[in-house]
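The values are calculated or read from the model by the stated rules, or taken from the named source; none is laboratory data. Computed from a predicted model, the values in this text were never measured in an experiment. For neighbour counting, all protein chains shown are included, and Cβ atoms are generated from backbone atoms with ideal geometry for every residue, glycine included. Keep in mind that these areas ignore ligands, DNA and RNA; they rest on the heavy atoms of the full protein, side chains included. Shrake-Rupley method; radii C 1.70, N 1.55, O 1.52, S 1.80 Å.
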Amino acid sequence: MIDLLLVLVLLLSLVAVAWPFFFYPLILRLLPTRAEAPADGPLPSASLLFCAYNEAASMPDKLANLAMLKDRHPTLEILAFDDGSSDGTAGLIAAQGGGGFITLLQGPGRSGKAHGMKLLAARARGDVLIFTDANVLLDADAIDNLLARYADPDIGGVLGSLHYLGEGDSATAAVGSLYWRIEEKLKDEESRTGNVLGADGSIFSIRRSLYPEFPDSVLDDLTVSMAVVFAGKRLVKAKDVIARERLVTGRGDEYRRKVRIAARAWHTHSHLRPQLRRMAAIDRFKYVSRKIVRWFGGLFILIGALAVLVLALRLSILLAMLGVIAVTAFFRIGGRARSGPLATLMDILIAYAATLKGVVKAMRGRTVTIWNPAQSR
């Protein structure tokens, strides 16, 4: 009876780990398509917003990209917030802003991206607010394709598609690229069936009238994009609105980034919980499947591993000892590996561990409001 219970625990743990990446996508494919209903009329005006901290290395390409977008869309308003950079980022942006190209706001010190985005949104005049990151480049037709989706009055927000660069630079980058390709396909299916449940900060937009109030401690991209769903409008994804960003290649950088994001994501979840409960049943199902189950993936792996260990002990102490030795050897070798299957598996486990650590950190009342750009991009 105990052995059967342990096997059941192991199976449930495996299902939980696989749910966001296998079972959930299968269920989404069975759901009907929710069509859009565009109406005739002029395109809305737009403001593009981004925050930067110590992004001097990214600024030449970023500013050239923004200049290209401005040439294609002369009425596009561009606003930037510098969060107390110490590497000359603000000066580079100001050099462009001096000609009326970019409006630059600066804080007195570190105040965080959420605070900066709120200042920019309050200053913006466009009907649609477009949010992006300082190290992200947009394709030439991204603005056209994004604004075209607002022809449907029921659409309150539009996400773009993030394409990562540098997949072959390291095992960490390869795992990050694989994860994001899966994430993009999930968002495509969520959009087809109704709403995407949350955006990331690389490229998304909302109608300015839907911009919510929120504290500086939450993830602004998740909070702002979910405000569309809470308002009863559609949050959809446009495959032809393409943003490009270089992958993080260093394990340490990626680990710290995932801990920070997970901690703020759980804190944001707690802030949004009353509104999440009032969502439609299908949207609650999507939110739990793509977010909550994934956040606790590391816990499910630990529970499954513990079940395997107890089963091995019940069969043979020697078998259990050999298993522990094999796992220890894997972590020692995998921890040093930078390429190959062992390094890939190690990076996957590190990602789960970092996410779980961030969630636990937030549950204990600790979160992060400021960020530092990864040095290994």
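Numbers below:
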| quantity | calculated |
| --- | --- |
| Accessible area expressed per residue, the chain, with surrounding protein chains retained (probe 1.4 Å, Å²) | 46 Å² |
| Whether the range 284-336 is rounded, prolate or oblate, judged on the alpha carbon gyration tensor where a/c under 1.5 counts as rounded | oblate |
| Of I325, I242, I143, the one that fluctuates the most in a GNM where the chain has Cα springs shorter than 10 Å | I325 |
| The range 197-352 - Rg and Dmax from Cα coordinates, angstrom | 20.3, 65 |
| Lys/Arg +1, Asp/Glu -1 at C-beta; the range 6-135 dipole; positive extreme among P20, M117, G100 | P20 |
| Residue order for S161, S217 - accessible surface, 1.4 angstrom probe, largest first | S217, S161 |
| Carbon/sulfur fraction of accessible area - the range 236-377, other protein chains in place, 1.4 Å, % | 66 percent |
| DSSP H segments from the chain that extend 18 Å or more along their own axis, Cα-based, with Kyte-Doolittle mean of -1.0 or above | 2-18, 59-72, 171-192, 297-315, 317-336, 341-363 |
| Label corresponding to Rg/Rh (Cα atoms, Kirkwood Rh) when calculated from the structure given, among (1) 1.16; (2) 0.95; (3) 1.00 | (3) |
| Radius, Kirkwood style, for the range 157-233 when every pair of distinct Cα atoms is counted (Å) | 13.8 Å |
| Surface/4 estimate of mean projected area, convex hull on alpha-carbon atoms of the range 290-377, nm² | 8.2 nm² |
| Among R251, R192, R277: highest mean-square fluctuation, GNM of the chain, C-alpha pairs under 10 Å | R277 |
| Pairwise centroid distance, computed over Cα atoms, of the range 302-377 with the range 99-133, Å | 38 Å |
| Heavy-atom accessible surface of the range 1-145: percent carbon and sulfur, 1.4 Å | 63 percent |
| Rg followed by Dmax, in Å, when the range 62-139 is reduced to its Cα trace | 12.2, 34 |
| Within a Gaussian network of the chain (alpha carbon springs, distance under 10 Å), most fluctuating of I292, I93, I333 | I333 |
| Surface/4 estimate of mean projected area, convex hull on alpha-carbon atoms of the range 32-91, nm² | 6.8 nm² |
| Ratio Rg/Rh, restricted to the range 238-299 and using Cα atoms, in which Rh is the Kirkwood radius | 1.06 |
| Largest to smallest accessible area among R149, R110, R314 [probe 1.4 Å] | R314, R110, R149 |
| For S58, residues with placed amide H under 5 Å, excluding near neighbours | none |
| The range 1-148 - convex hull of alpha carbons, volume per residue in Å³ | 196 Å³ |
| Environment charge at T75 (Cβ cut-off 13 Å; Lys +1, Arg +1, Asp -1, Glu -1) | -1 |
| Most to least accessible of F300, F214 (protein chains only, probe 1.4 Å) | F300, F214 |
| Net charge of neighbours whose Cβ lies under 14 Å from the Cβ of E183, counting Lys and Arg as +1 and Asp and Glu as -1 | +3 |
